[in-house]
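I have placed the structure first, in the form of structure tokens, so that the comments after it can refer back to it.
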Amino acid sequence: MGSRENIAFLVGSSSRIDLLRALAERPYRPTEIAKVCSCARETAQRTLGGFVERGWVQKSEAQYQLTPGGVSVLEQYEKLADVVQNAERLETFLTNAGSAIEDLPTETYDELTVTEVSNSNPHAPIDRFLTVLGSTPVESFKGITPVVSPVYNEAAASVIGPQTEMELVIDDSVLATSESEYPEALQRASDLSQFSLYLTPREIEFGLTIVDGHAYIGAYDEFNNVVASVDGRSEAILTWAQTLYSEYQRSATLLE
């Protein structure tokens, strides 16, 4: 019996998962576990037989208990179920964030705060960005942006203090828009001694901000509207975000 058939058997009925979970707690007789899992005794007996056949469960003195293999199968199923659930939770973000975030570790999904636009709050991801950024000067600000936004410019300006080290990576389109539509803001930023502006030849499809140990990633639609974001402070998320930022920064040229 192949792994595909075994997986199909396991997920073929929700009661099978319930039975495995119950057996992870303690051994059961078929009648007992049927009551616990709210299924027919015949269903429980048939499922237990299938588990025994696959080496996930063993029978001892009329009771069934998990084998080490069964424990491993249940643990891996729970991990997969978490990944699938979180992928659904991140669907809008993952759909719109572009290929650069494809290597976002799946094990970090449940650590992320996910924010999406909604009918009741079409600016929810922007509001979340402002919350992450705060309103007092920060020590370090690193960013990658695919758009020019007065809201983002004003928010960034509010947290840049005399000691703040700030780096920003942009592409040609953002530079052209900044020069033509927001020259004063661009000049103010350029006048800051602690501000470094980098121009990358790569197309930017996402927004990234790393500020004092907090990473924020924004996903944009085809009209350059931010439609979803994720953010977090865990070591794994920050390591991934720093690595992504460094890749873009290394490919960029420092603008004088």
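Of all residues in the stretch 201-241, count the ones that are closer than 17 Å to residue 112 by Cα, in contact (Cβ under 8 Å) with a residue 40 or more places away in the chain and of a type in the set (S, T, N, Q).
3
Considering each residue of the stretch 132-150, count those that are of a type outside the set (Phe, Trp, Tyr) and over 24 Å from residue 180 (Cβ atoms), and give that number.
Residues that pass the stated criteria total 10.
Among the residues of the stretch 27-80, write down those that are under 21 Å from residue 8 (Cβ atoms), among the hydroxyl-bearing types (Ser, Thr, Tyr) and within 37 Å of the chain's Cα centre (by Cα).
47, 67, 72, 77
I'd like the residue in the stretch 178-195 that is of a type in the set (Ser, Thr, Tyr) and surrounded by 16 or more Cβ atoms within 10 Å (Cβ to Cβ) and, out of all such residues, is farthest from the chain's Cα centre (by Cα).
Taking the stretch 178-195 as the starting set, the residues that turn out to be of a type in the set (Ser, Thr, Tyr) are 178, 180, 182, 190, 193.
Now drop any that are not surrounded by 16 or more Cβ atoms within 10 Å (Cβ to Cβ), which leaves 178, 182.
Values: 178: 30, 182: 33 Å.
My answer is 182.
As an exercise: evaluate residue 227 against (1) more than 13 Å from residue 125 (Cα to Cα); (2) within 16 Å of the chain's Cα centre (by Cα) and give the number of the one condition it does not meet.
Going through (1) more than 13 Å from residue 125 (Cα to Cα); (2) within 16 Å of the chain's Cα centre (by Cα) one by one, residue 227 breaks only (1).
Considering the stretch 2-25 alone, what residues qualify as being more than 28 Å from the chain's Cα centre (by Cα) and touching a residue at least 24 places away in the same chain (Cβ under 8 Å)?
Within the stretch 2-25, 6, 9, 13, 15, 16, 19, 20, 23, 24 qualify.
Would you be able to tell me the number of residues in the stretch 237-251 that are surrounded by 15 or more Cβ atoms within 10 Å (Cβ to Cβ) and of a type in the set (Ser, Thr, Tyr)?
Summing the residues that are surrounded by 15 or more Cβ atoms within 10 Å (Cβ to Cβ) and of a type in the set (Ser, Thr, Tyr) in the stretch 237-251 gives 2.
Can you name the residue in the stretch 208-234 that is small (Gly, Ala, Ser) and open to solvent by 10 Å² or more (accessible area, probe 1.4 Å) and, of all such residues, is nearest to residue 96 (Cα to Cα)?
For the stretch 208-234, the residue satisfying everything is 234.
Out of all the residues in the stretch 105-134, which are modelled with pLDDT under 90 and aliphatic (A, V, I, L, M)?
If the condition is that a residue be modelled with pLDDT under 90 and aliphatic (A, V, I, L, M), then no residue fits.
Could you please let me know if residue 162 is assigned by the TED database to the domain that holds residue 227 and touching a strand residue (DSSP E or B) at 6+ places or on another chain (Cβ under 6 Å)? Walk me through how you get there before you give the answer.
Working: assigned by the TED database to the domain that holds residue 227: yes; touching a strand residue (DSSP E or B) at 6+ places or on another chain (Cβ under 6 Å): no.
When the stated conditions are applied, residue 162 does not pass them.
The values are calculated or read from the model by the stated rules, or taken from the named source; none is laboratory data. Computed from a predicted model, the values in this text were never measured in an experiment. Cβ: placed from backbone, ideal geometry, glycine included. Neighbour counts: every protein chain shown. Ligands, DNA and RNA are excluded from the accessible area calculation, which covers all protein heavy atoms including side chains. Shrake-Rupley method; radii C 1.70, N 1.55, O 1.52, S 1.80 Å.
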